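Reading through the structure tokens given below for one structure.
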Amino acid sequence: DGRLTFHPGNQTVDLPSIHFMSRSGTIFLNAYTNSPICCPSRAAMWSGLFTHVTESWNNFKGLDPGYVTWMDLMEQHGYHTQKYGKLDYTSGHHSVSNRVEAWTRDVDFLLRQEGRPMVNLTGDRQHVRVKEADWKNTDKAVNWIKEEAINLTQPFALYLGLNLPHPYPSPYTGENFGASTFLTSPYWLQKVNYEAVKIPKWSPLSEMHPVDYYSSYTKNCTGEFTREEVRNIRAFYYAMCAETDAMLGEVISALRDTKLLQKTVVMFTADHGELAMDHRQFYKMSMYEGSSHVPLLAMGPGVKEEQQVPNAVSLVDIYPTMLDVAGIPVPQNLSGYSLTPLLHGKADNEVSPPKVPARPRWVLSEFHGCNVNSSSYMLRAGRWKYIAYGDGHSVLPQLFDLSEDPDELTNVAAKLPGVVRSLDGMLRSIVNYPKVSSAVQEYNKREFIAWKESLGQNYSNVIANLRWHRDWLQEPQKYESAIDEWL
């Protein structure tokens with residue numbers, strides 16, 4: 001959750017490496033993902049293109065293998081490049097459940113697709129390395145800096161992708177389990193200021209926006225939760241963020257120890273946030289701030305120190321920024337804009353128009369995957385967050401005034417039709433979203449039919465035992481009939 005990197009969010013947990021970066025460089029106060037789910041978000045970051053341009057619709061459908069990323073271009077222009085950890089931006093990953101849930105979101109049924117969110121404490125106050133796989137990749141990056149980067153005669157670009165602070169898999173939910181366990185150790189939990197952990201307000205289930213209700217149900221969050229449960233989920237999530245921050249610290253220390261820190265641009269960001277029980281949801285897949293607002297910090301040569309940038313920016317801006325930093329010509333067809341003028345402390349109007357296209361005053365995010373039963377489109381412009389759904393009229397939009405309502409508790413769309421008209425017109429000028437929604441629906445049906453046919457007589461058994469099996473097995477005929485009706 002990007003709000004943890006600046007006040008007041010950062011009062012809830014000690015993040016010393018993030019604080020060091022904010023003192024030594026620039027922090028973006030309004031940075032957003034272009035799609036609040038792992039693979040489509042990373043596809044946008046690696047391609048510099050909006051989700052509907054690359055058709056990275058869900059966690060199974062990302063960029064084509066072999067797609068030329070900004071790192072590939074840097075390598076072509078003489079950079080030594082190295083990647084460690086989670087990449088997850090190409091097509092063909094994730095569980096069968098994850099794919100089928102995305103394809104069937106237009107089916108007229110409600111099925112729980114996630115395990116109920118829960119916490120799990122492991123180890124003792126000396127247990128530092130909870131997420132072993134991430135620590136191993138961090139060690140690889142640190143060793144590479146100390147043993148390889150220090151001896152290079154050419155410039156380098158190093159990428160380290162972590163899983164934390166992602167919730168952990170929950171095997172108790174079945175074979176195709178999701179990830180609904182917030183796991184940490186007492187060592188990290190003591191970094192959290194429990195007094196500052198805010199319990200979010202929830203609307204009654206009967207008053208929720210229909211898309212929100214679907215998401216809460218499929219995420220297994222419509223049952224009863226005590227205040228202690230909610231506080232613990234949030235606190236454990238913040239503790240997982242503290243562990244992530246320590247890995248960032250290892251990389252910064254390695255650069256400092258090798259005297260590379262002063263001549264290296266360091267960036268820290270995320271593919272999406274975590275709702276952590278905001279709006280009666282956990283996980284991502286939502287346009288609410290906890291899910292869509294990501295951290296973005298940078299420090300290094302030419303980056304203004306102790307700067308907070310209020311401009312709305314997004315992950316598609318990483319691609320042109322990296323090329324700009326490396327002095328490589330930036331392609332003209334990108335959805336993003338270089339952040340270097342903002343990093344250098346220049347206002348929009350100081351950027352020379354002939355050289356650099358004017359940065360728009362909005363950002364776009366869209367979502368087409370599982371746990372949400374309609375394609376969603378978010379436009380953040382100034383104080384407003386506008387969210388449109390599907391064809392633009394079957395599901396009512398949402399409008400939030402973030403300056404007056406930072407917790408997004410009051411949808412003012414019905415009260416401000418003029419603002420809605422204006423923002424919807426702006427959104428349609430950026431993306432023909434009813435047409436995109438229709439294309440996604442056709443894709444979902446096509447993929448599902450191909451998958452169903454590939455199973456032959458095994459279809460009924462396989463679909464009954466996906467992640468939603470506990471609901472499905474109570475009334476299998478009802479759910480199979482709903483799919484037949486959809487097809």
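The values are calculated or read from the model by the stated rules, or taken from the named source; none is laboratory data. All figures in this text were calculated on a predicted structure; none of them were measured in a lab. Virtual Cβ from ideal backbone geometry, glycine too; neighbours counted across all protein chains shown. What goes into the accessible areas is simple: the full protein's heavy atoms, side chains included, and nothing from ligands, DNA or RNA. Shrake-Rupley method; radii C 1.70, N 1.55, O 1.52, S 1.80 Å.
Quick check for me: using +1 on Lys/Arg Cβ and -1 on Asp/Glu Cβ, what's the dipole size of the range 240-374 about its Cα centre, in debye to the nearest 20?
On the way: 10 positive and 15 negative charges, 84 e Å.
Computed charge dipole of the range 240-374: roughly 400 debye.
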Quick check: net charge around Thr269, other residues with Cβ under 15 Å of its Cβ, Lys/Arg +1 and Asp/Glu -1?
-2
Any idea which of Thr69, His209, Asn444 is furthest toward the positive side of the dipole for the chain, if Lys and Arg beta-carbons carry +1 and Asp and Glu beta-carbons -1?
Thr69
Once the in-chain neighbours fewer than 8 apart are removed, the lysines whose Cα is under 23 Å from Lys284 read Lys61, Lys86, Lys131, Lys198, Lys201, Lys219, Lys385
Label 7 Å along Cα→Cβ of Val419; the range 355-398 residues with amide nitrogen under 13 Å?
380-387, 398
Given a 1.4 Å probe, how much area per residue of the range 46-150 is accessible, in Å²?
44
Stokes-Einstein D for the chain at 25 °C, 0.890 mPa s, Kirkwood Rh over Cα pairs, in µm²/s?
105
Here FRET efficiency (C-beta to C-beta, Gln474 to Glu229, R₀ 25 Å, nearest 0.05) is 0.45
Report Rg/Rh for the range 414-487, rounded to two decimals, where Rg is the Cα radius of gyration and Rh the Kirkwood radius.
1.22
Treat each spin label as a single point 7 Å out from the Cα along the C-beta direction, and report the His344 to Arg23 distance in nm.
2.8
Label-to-label distance, nm, for residues given as Leu409 and Lys201 (7 Å Cα→Cβ offset):
0.2
Calculate the spin-label point distance for Asn193 paired with Thr153, positioning each point 7 Å from the Cα along the beta-carbon direction, and give it in nanometres.
5.2
In debye to the nearest 20, the charge dipole size for the range 16-486, taken about the Cα centre with +1 at each Lys and Arg Cβ and -1 at each Asp and Glu Cβ, equals 660
Sorted by chain and number, the residues with a modelled amide H under 5 Å from that of Asn30, at a separation of 5 or more or across chains, are Val313
For His393 and His127, compute 0.36 nm times the residue count separating them, minus their Cα-Cα distance, and round to one decimal in nm.
90.5 nm
Taking each full run of DSSP H in the chain as one helix, which ones are at least 15 Å long along their axis (Cα atoms) and have mean Kyte-Doolittle hydropathy of at least -1.0?
227-257, 417-430, 433-455
Scoring only Lys, Arg, Asp and Glu (+1, +1, -1, -1) among other residues with Cβ under 14 Å from the Cβ of Ala413 yields -2
Relative packing of peptides 378-388, 234-244, 39-49 - highest average C-beta neighbours within 10 Å first:
39-49, 234-244, 378-388
Considering all alpha-carbon pairs of the range 1-134, what whole percent are spaced by more than 17 angstrom?
75
In the range 119-256, what percent of the accessible surface is made up of carbon and sulfur (1.4 Å probe, ligands and nucleic acids excluded)?
48
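Could you order peptides 285-296, 122-133 by the average number of other Cβ atoms within 10 Å of their residues, highest first?
285-296, 122-133
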